[in-house]
Structures are given as C-alpha cells and as structure tokens.
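Below is one structure, written out as structure tokens; comments come after it.
The values are calculated or read from the model by the stated rules, or taken from the named source; none is laboratory data. Just so we're clear, the structure is a prediction, and the values are computed from it rather than from any experiment. Here Cβ is always computed from backbone atoms with ideal geometry, including for glycine, and neighbour counts include all displayed protein chains. The area values use the complete protein model at the heavy-atom level, side chains included, leaving out ligands, DNA and RNA. Shrake-Rupley method; radii C 1.70, N 1.55, O 1.52, S 1.80 Å.
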Amino acid sequence: MPQTIAVLDFGSQLTQVIARRIREAQVYSKIYHFSTTAAQLRADGVAGIILSGGPQSVYAKQAPHPDRAIFELGVPVLGICYGVQLMGHFLGGTVAHSKAREYGHGELTLTKKSPLFTGLPKRLRVWNSHGDKLTQLPPGFRAVGTTENSPFAAIEDTKRHFHGIQFHPEVFHTERGADMIRNFLLGVCGVKQEWTTKDFIAQSVEKIRAQVGKGRVLLGLSGGVDSSVAAALLHKAIGKQLTCVFVDNGLLRKGERAAVEKLYGDHFKIDLRVADASKLFLRRLKGVTEPEQKRKIIGRTFVEVFEKSLKSIKGSAEFLAQGTLYPDVIESVSIQGNPASLIKTHHNVGGLPARMKLKLVEPLRELFKDEVRRVGEALGLPKEVVWRQPFPGPGLGVRVMGDITEPKLEILRNADAVLQEEMMASGHYWKVWQSFCVFLPVQTVGVFGDERTYDYVIALRIVESTDAMTADWAKLPHEVLQKISSRITNEVRGVGRVVYDVSSKPPATIEWE
Ligand code: XMP
C-alpha cells in the first residue's frame, strides 16, 4: 500500500475535494469519519492528517470533535478552516464567533517563511468561508500569514509539524492552493508520490488475483464508464475467469448493443453474454405513462433478468464484480442533516450478491471518477468509452414521454443518432455534460414538399454541469443547432419539429422524467 494521508471529515462539502487534490499530487488519501480514534489512524500507518472544514462552530453543543490524541501521534497535521479552529480549541488558543461571516476572496500576505508556502509569492488571493475565527494562538504556534480580517490566517508550530490555514486551499479560487497542499504532503509529511495510474493498476491486478484465486467472476456490463473500466481491469487480472453480462432492455440507443459486443467480445475477447430481454421490458411497459412507475418496472425487470442470466451461467462462479466508486463508499458525515428527498428512483442490484451467495469484487472502490477515467485510458479503452456522457439506467424509457412503443423508440433512436453525430463532428460532445433527444408525443402541423404533415416533436436537451446536481442549458452556436434541427426533420421520419430546451436545473431536472 502507498503511504496514506488521512482527511478527517467534519462535514464540509469540500472534504472530497481535499482528498482529490491530494491524489492529484500522486499521494494516496483516505477520508475518515471525524470520530476515528488516534489508535486506528496509527494502526493504519497514516503519514499525515488533514482536518477538513465544517459548517459548525467548535463551541456548538453538537460540534464534531476529533479524538484529542491525534495531536499526540507525532504525525504532521494541517487544519483547514474549521480544522484550524479545532487546533486552536484543542491546543490552548481561543476561537471567537465573528458577527459577520467572512465569505469570498481575500488577500493573504505571508509575513514569515513557512514550509507550507515554499516557492510561493508573498501575496496570494485566497478563498474564505467561515464564521468563527482564531483570536489567540495556542502555545508553540506563530502566525506566518495574515489577511485583511485575520492576523492568524496561516499559523504553524514547526516543532510538532502542525499547520493551520483559515482559508480553503482546495478550491480553485485560492491561488496556488494545490502547491500549498503539495508542500504539506511532500515537504512537511515527507511522503513519496506513489499514487500513479500505473502503480494502481499493478497493485489492483495483484489484489484481484489474490482475492479471486481460481474462482470465476461475473460482471454486469452497462457500457458506462465504471463497468467498462472494471471489466478491462478484471480482464487484465484474470482473463478467462471473467464473464460479463449485458442486458438488452430494448431501451438502448442506436447501435449500442453492437458497439458493446464489438469492443468487449471482439476486441478484448472477454466472455460476453447478452441477455436479450427487450420484448419483456416493452411488454411490461405497455400503456404505462407515469415516470416513477416506468422507472420501477424497468428497475425491477432489470434485476430479475440480470439475476436469471447470472443463475444460468453461474456454474462455479463465486464472485460478483461491481464498479463501485470511492464517493459511494465514503461514510459521509451528515451534520446538518440532508433532507434530499426522493426525486427520481435510481435502480441498483443491492441485495443480489447475498441472495445468490456471491462474494463482491469491487476493483474501483478506492477511486474517484477522474481516476477511473485515467485507469480506463491506461488500459486501452477508447476515448468514446472513457469520456462518454452519462446515460441513465432506465435508458430511453425516461426519454419517451407518455407510453413507450417500439415505433416511438425508433424515432427517438434515429433523432438521437443524428444529434450525437453532429455533437461529435462539431466537438461539442466533449464540452457539455450531456446531450440527448427527448420524444414528445405531441403532433404538430408542418409542410414537407407540398404536403401537409402532422408529425411528432423532438426536444433537444443539451446541458453543462460539473456534477449533475445543478445544470445549465448549453449556449450552443446557432449554426450547430440549425444543422441538428434540419438534419433531424429531413432524415428522421415522423418528426416535424425540433425544439431546444432552455431550462436550467433547478427547477427542471436534466432528464425529462
Ligand atoms: P436528473 O434528471 O435527476 O439527472 O437531473 C441527474 C443525472 O443522473 C442521470 N440519471 C440517472 N442515472 N439511473 C442512472 O444511472 C437513473 O435512473 C437516472 N436518472 C437520471 C441523468 O442522466 C443525469 O446525468
């Protein structure tokens, strides 16, 4: 295992960003619950600790506090925002509630030389977001940087290798923030840069082989990034011991099944089984118009078909592989309470491994999405797979409004294929978060040649986003939209009108259902 930097999570939304910045510096990071004991951290051999920010005041009744003994482990500690207030609170300083929250840009002036700022200019723009602030330094500390509002914006105790900063180095608004984190890792903690894609692949291959032995592994392949990379990695590790199952639910895009068969079957020579259940899905969806009901039917049917096809090929299989990523396994600290109510049902196959007495293999469990992509590239997956846009599990089922029929799916597939071609040709496919067509069961009047037409409407949904939590409609050049529109109305029979969706999320969601 590479050396680990522990990020103690006190509930900041930026905790994961800190962990990612560490990995971008090619150092392995792991997010720990704030209450993790010092003994545990010692047992894990952590080489440094970062205390994350958090929304609370250190004096609040239910404020998350770390195990006091982490300050006696003898490993370097960097406190960020709430983290530096914790240091003040635990190590003998004082923290006061300031009336006004300090939020936004500030200017940091470095007043003394410090290992955290080696190689950086004396003045830097930084990003603040805090209510409380340190008003008196703990014994042994000195200030090395100030801002307009704080004489203690950056503090240190170099004897104990403790550093604290009031601002957020992990966000891009902080100038040279990545260098500060790198200085902490390499300069203060003295760790080596051992977390590289190449090392990860080599270590994973070993780990998978050790876990699986001579056993057989089954993997559900969706064609999405995560399962594709998991397939390629498993195949590299265990070759013929891997069998992949692809469910054709009849709600796929044009040519999708053929592309999966070509890449995994022909190119990688993976043992690929396709379960063709399109008729079953469409039969069960017949006449169903309510979005949640559609999702539930598709989800349930998927699990049923997947389980059945696993059973049929199970034989001696003992393992089920899943493309679980790190953000799915982090035990997130919900301090403010997160009332994210159910907006859309996403289906998964939870519970299935236990039911089928299969052990789980999760080769991507330690990776963030961008790391998964890098691994995919290194394993030789094509750009179209590694950088593909997200596609919902229920597929075109949630893109045909109203009841789903084969002729409507056919129109949608053809229109969507034109859209994707034009997005690729113009290069915009790679710049937006998602681009797709939605079928509207509304007939409108038009003229084609000399004839009156009465055809359906296709809506274009093209959005920009970084995490799908919020999104904005993409301001595509008019010429590109014009070409897409005229090609769809000319080439796709049954479509008489194309409209552009100019709604952002919120209040609209990205998918229409
Ligand atoms: P919404 O429509 O909620 O979508 O704004 C946010 C992101 O999630 C994708 N999406 C899904 N992905 N199963 C999935 O795996 C689903 O059921 C599902 N529904 C929406 C959507 O494409 C967008 O990227």
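Look through H163, H173 and report the one residue that is within 33 Å of the chain's Cα centre (by Cα) and modelled with pLDDT under 95.
Within the list H163, H173, the selection yields H173.
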message: Quick test for you: out of T345, T301, pick the one residue that is within 16 Å of the ligand (Cβ to nearest atom) and modelled with pLDDT of 95 or more.
response: T301
statement: Scanning the stretch 425-464 for residues that are within 16 Å of the ligand (Cβ to nearest atom), among the basic types (K, R) and either more than 25 Å from the chain's Cα centre (by Cα) or surrounded by fewer than 18 Cβ atoms within 10 Å (Cβ to Cβ) (or both) gives K431
field: Hits in the stretch 158-188 - residues which are among the acidic types (D, E) and farther than 23 Å from R101 by Cα
entry: D179
query: Given D467, D472, which one is part of a strand (DSSP E or B) and open to solvent by 30 Å² or more (accessible area, probe 1.4 Å)?
result: D472
message: Would you confirm, using the coordinates I've provided, whether K286 is at pLDDT 95 or above, within 16 Å of the ligand (Cβ to nearest atom) and open to solvent by 70 Å² or more (accessible area, probe 1.4 Å)?
response: no
message: Among the numbered criteria (1) crowded, with 21+ Cβ neighbours inside 10 Å; (2) closer than 30 Å to A237 by Cα; (3) within 16 Å of the ligand (Cβ to nearest atom), which one does P363 miss?
response: (3)
task: Look through the stretch 226-244, keep the residues that are surrounded by fewer than 23 Cβ atoms within 10 Å (Cβ to Cβ) and β-branched (V, I, T), and return whichever of them is farthest from the ligand (Cβ to nearest atom).
output: I238
- line: Reported set for the stretch 394-413 where residues are assigned to a loop (DSSP other than H, G, I, E, B) and within 16 Å of the ligand (Cβ to nearest atom) is P394, R399, M401, I404
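Considering only residues that are within 16 Å of the ligand (Cβ to nearest atom) and in contact with a Leu (Cβ under 8 Å, 6 or more places away or on another chain), which ones fall in the stretch 482-510? Even if it seems obvious, please write down each step before you answer.
We begin by selecting, within the stretch 482-510, every residue within 16 Å of the ligand (Cβ to nearest atom); these are 501-510.
Selection gives D501 alone.
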- request: Go through the residues of the stretch 67-87 one by one and say whether even a single one is open to solvent by 20 Å² or more (accessible area, probe 1.4 Å) and modelled with pLDDT under 95.
  value: no
message: Please list, ordered by residue number, the strands (runs of 3 or more DSSP E) wholly in the stretch 32-138 having 1 or more residues that are β-branched (V, I, T) and in contact with an Asp or Glu (Cβ under 6 Å, 6 or more places away or on another chain).
response: 94-110
message: So E384 ticks every box in (1) closer than 28 Å to L233 by Cβ; (2) away from the ligand (no atom under 16 Å from the Cβ); (3) surrounded by 14 or more Cβ atoms within 10 Å (Cβ to Cβ) but one. Which box is left unticked?
response: (3)
message: Looking at Y264 and the list (1) open to solvent by 40 Å² or more (accessible area, probe 1.4 Å); (2) on the phi < 0 side of the Ramachandran plot; (3) in contact (Cβ under 8 Å) with a residue 24 or more places away in the chain, which single condition is not satisfied?
response: (1)
query: If a residue has to be open to solvent by 20 Å² or more (accessible area, probe 1.4 Å), among the acidic types (D, E) and in a loop (DSSP other than H, G, I, E, B) to count, how many in the stretch 153-200 make the cut?
result: 2
field: Top-ranked residue of the stretch 267-283 - restricted to ones that are open to solvent by 30 Å² or more (accessible area, probe 1.4 Å) and touching a strand residue (DSSP E or B) at 6+ places or on another chain (Cβ under 6 Å), ranked as nearest to V398 (Cα to Cα)
entry: D276
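May I ask you to say which residue of S204, S278 is more than 27 Å from the chain's Cα centre (by Cα) and at pLDDT 95 or above? Full working, then the answer.
Values: S204 fails: more than 27 Å from the chain's Cα centre (by Cα).
So the residue among S204, S278 that is more than 27 Å from the chain's Cα centre (by Cα) and at pLDDT 95 or above is S278.
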The stretch 99-147, residues that are of a type outside the set (G, A, S), in contact (Cβ under 8 Å) with a residue 60 or more places away in the chain and open to solvent by 40 Å² or more (accessible area, probe 1.4 Å): H105, P115, T118
- prompt: What tally of residues in the stretch 1-13 results from selecting those that are of a type outside the set (F, W, Y) and buried (at least 19 other Cβ atoms within 10 Å of the Cβ)?
  reply: 8
statement: Of the residues in the stretch 407-450, those that are of a type in the set (V, I, T) and over 19 Å from G496 (Cβ atoms) number 1
query: Looking at V247, is it over 30 Å from I80 (Cα atoms) and open to solvent by 10 Å² or more (accessible area, probe 1.4 Å)?
result: yes
query: Does the stretch 414-424 contain at least one residue that is part of a strand (DSSP E or B) and exposed (fewer than 15 other Cβ atoms within 10 Å of the Cβ)?
result: no
message: Being touching a residue at least 40 places away in the same chain (Cβ under 8 Å), within 21 Å of D179 (Cα to Cα) and in contact with a Phe, Trp or Tyr (Cβ under 9 Å, 6 or more places away or on another chain): is that true of A6 here?
response: yes
Pairs with Cβ under 9 Å, 6+ apart, first in the stretch 429-440 and part of a strand (DSSP E or B), second hydroxyl-bearing (S, T, Y) and away from the ligand (no atom under 16 Å from the Cβ): F439/Y456; L440/Y456
